[in-house]
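The structure appears below as structure tokens.
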Amino acid sequence: MHLLPLKFGSVEIDFPVLLAPMAGYTDAAMRTLCLEQGAGAVYTELASSEGLSRDGGKTFSEVLDLPWNEHPIAAHIFGADPHRMAEAARMIEQDGRFDWIDLNCGCPVKKVVSRGAGAALLKDLPLMGRIIETVRSAVSLPVSVKTRIGFNRDTADHLEIAHVVEQSGADLIAVHARLAKDFHGGDPDWETLGEMKRALSIPVIGNGGVVSAADAQRMVQVSGVDGVMIGRGAIGNPWIFEEIRQGRQDAGDTVVPPASCRLSKWRDLMAEHLRRLVELNEFKQKASPVRVKRYTPEEAACIQFRTHIPYYVKGMFDKKQLLMKLSSLISVDLIMAEVDILVEKNEVYRAD
Ligand SMILES: Cc1cc2nc3c(=O)[nH]c(=O)nc-3n(C[C@H](O)[C@H](O)[C@H](O)COP(=O)(O)O)c2cc1C
């Protein structure tokens, strides 16, 4: 697929197909796997600027601590107070491990919007502009904005949003091509995304509805965006980045794991994901040893991995048995034993 390397400020992304931030999924385990499978860059999970600037390091160590070397990586933050956002951005810059800072201006969940942050900023563009400007002047790292094509049909339109983001000094914009009122549902509007791209001179990353290499290509053709961001299409399917890099058109739209992927490779990647989750939980528990832990690192990892398993097994024959047992799978051995049974069944099925 024809995508040029992207450069903004000090950041260079050689292949601009990015992993979207997804709370509860895109922790360091998933991010490092996606980087290794070809993602051009990753974003952290969402961190509160209020938490970062007030709680003495708790939010930082819970959301932004990086146990492994990950690059390029954006620290993804939200808030409604320009000065708190700037303070959080300064902390991130001082930490020294992040390549750029991303400001969330599109999250529609109640916990965020009720604080006047995330998608609520789409109803108050002057405040959104002040946040971008204040953060921009507080740090020398590049600053990006992740936003939507609008809140609803009655609020500011996509071109007003584009204008405010660029005029306030953002170095890059990532646009989820749906209205905030629609959350993650309905068809993405790539034509509107294209209108934003044509109105802007900063790089534009398109997001929404890409679940295959063919989709990525269509999004770029329709909208002309400089890069593509993938959310749900990468859950349980880190291969998607490699497939887009290779421009594979034969991988099908929804088959996961792709027919081209050997089942042993698929099984090993799942095992590796789980292993990293265990290591990540060990790292986190060591970082805050005083708090009483309800689960061992292995148990915590297995519980977190349960949310990924249905995506990994999506295209598998006879996955029902594994899915029914999910809530009892509390150790790595138990999970992998079930996965191995599934692999065996599918080897027979594929061979038929
Ligand atoms: C479980 C989940 C959590 C998400 N969390 C965030 C978040 O913290 N910040 C954000 O900007 N977007 C978040 N998103 C939105 C995604 O980044 C992305 O914009 C959206 O899923 C559309 O892309 P897709 O169609 O490729 O999934 C989340 C989406 C999902 C499904």
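The values are calculated or read from the model by the stated rules, or taken from the named source; none is laboratory data. This is a predicted model, so every value here is computed, not measured. Quick reminder, even Gly has a Cβ in these numbers, built from the backbone with ideal geometry, and neighbours come from all protein chains shown.
Results, tabulated for the structure shown:
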quantity	calculated
Some residue of segment 150-159 being within 21 Å of Ser201 (Cβ to Cβ) and touching a residue at least 60 places away in the same chain (Cβ under 8 Å)	no
Segment 118-128, residues that are buried (at least 18 other Cβ atoms within 10 Å of the Cβ) and without any contact (Cβ under 8 Å) to a residue 40 or more places away in the chain	Leu125
Filtered residue count, segment 65-76, keeping only those that are crowded, with 22+ Cβ neighbours inside 10 Å and away from the ligand (no atom under 13 Å from the Cβ)	1
Number of positions in segment 15-33 that are more than 16 Å from the ligand (Cβ to nearest atom) and within 20 Å of Ala214 (Cα to Cα)	1
Qualifying residues in segment 72-113 (those that are touching a helix residue (DSSP H, G or I) at 6+ places or on another chain (Cβ under 8 Å) and in a loop (DSSP other than H, G, I, E, B)) - the one farthest from Phe8 (Cα to Cα)	Val109
Exclusive hit being closer than 15 Å to Lys146 by Cβ and among the polar types (S, T, N, Q), set Thr32, Thr59, Thr44	Thr44
Filter result for Thr59 (more than 30 Å from Asn152 (Cα to Cα), surrounded by 19 or more Cβ atoms within 10 Å (Cβ to Cβ) and hydroxyl-bearing (Ser, Thr, Tyr))	yes
Residues located in segment 1-52, provided they are among the small types (Gly, Ala, Ser) and part of a loop (DSSP other than H, G, I, E, B)	Gly9, Ser10, Ala20, Ala23, Gly24, Gly38, Ala39, Gly40
Residue within segment 98-111 that is β-branched (Val, Ile, Thr), assigned by TED's automatic domain parsing to the domain that holds Ser48 and in contact with a Phe, Trp or Tyr (Cβ under 9 Å, 6 or more places away or on another chain) present	yes
The listed residue being surrounded by 21 or more Cβ atoms within 10 Å (Cβ to Cβ), at pLDDT 95 or above, under 18 Å from the mean Cα position of the chain (by Cα) and closer than 14 Å to Gln37 by Cα, out of Ile230, Ile173	Ile230
Selection from segment 4-44 of residues that are surrounded by fewer than 22 Cβ atoms within 10 Å (Cβ to Cβ) and basic (Lys, Arg)	Lys7
Residues within segment 328-345 that are among the β-branched types (Val, Ile, Thr), part of a helix (DSSP H, G or I) and over 15 Å from Gly315 (Cα atoms), tallied	3
Search result, residues across segment 77-94 that are out of contact with any strand residue (DSSP E or B) (no Cβ under 7 Å at 6 or more places or on another chain) and either free of Cβ contacts under 8 Å to residues at least 12 places away in the same chain or surrounded by 24 or more Cβ atoms within 10 Å (Cβ to Cβ) (or both)	Gln94
Test: Thr155 is surrounded by fewer than 18 Cβ atoms within 10 Å (Cβ to Cβ) and in contact with a helix residue (DSSP H, G or I) (Cβ under 6 Å, 6 or more places away or on another chain)	yes
All helices (runs of 4 or more DSSP H) inside segment 153-253 with 2 or more residues being over 21 Å from Gly118 (Cα atoms) and within 13 Å of the ligand (Cβ to nearest atom)	213-223, 240-246
Subset of segment 89-110 (residues that are more than 16 Å from Gly51 (Cα to Cα) and among the polar types (S, T, N, Q))	Gln94
Failed item in (1) surrounded by fewer than 19 Cβ atoms within 10 Å (Cβ to Cβ); (2) within 26 Å of Phe241 (Cβ to Cβ); (3) at pLDDT 95 or above, with Ser114 passing the rest	(2)
Of residues in segment 311-343 being charged (D, E, K, R) and free of Cβ contacts under 8 Å to residues at least 12 places away in the same chain, the one nearest to Leu277 (Cα to Cα)	Asp333
Unique residue being modelled with pLDDT of 95 or more, crowded, with 18+ Cβ neighbours inside 10 Å and among the small types (Gly, Ala, Ser) when the list is Ala301, Ala271	Ala301
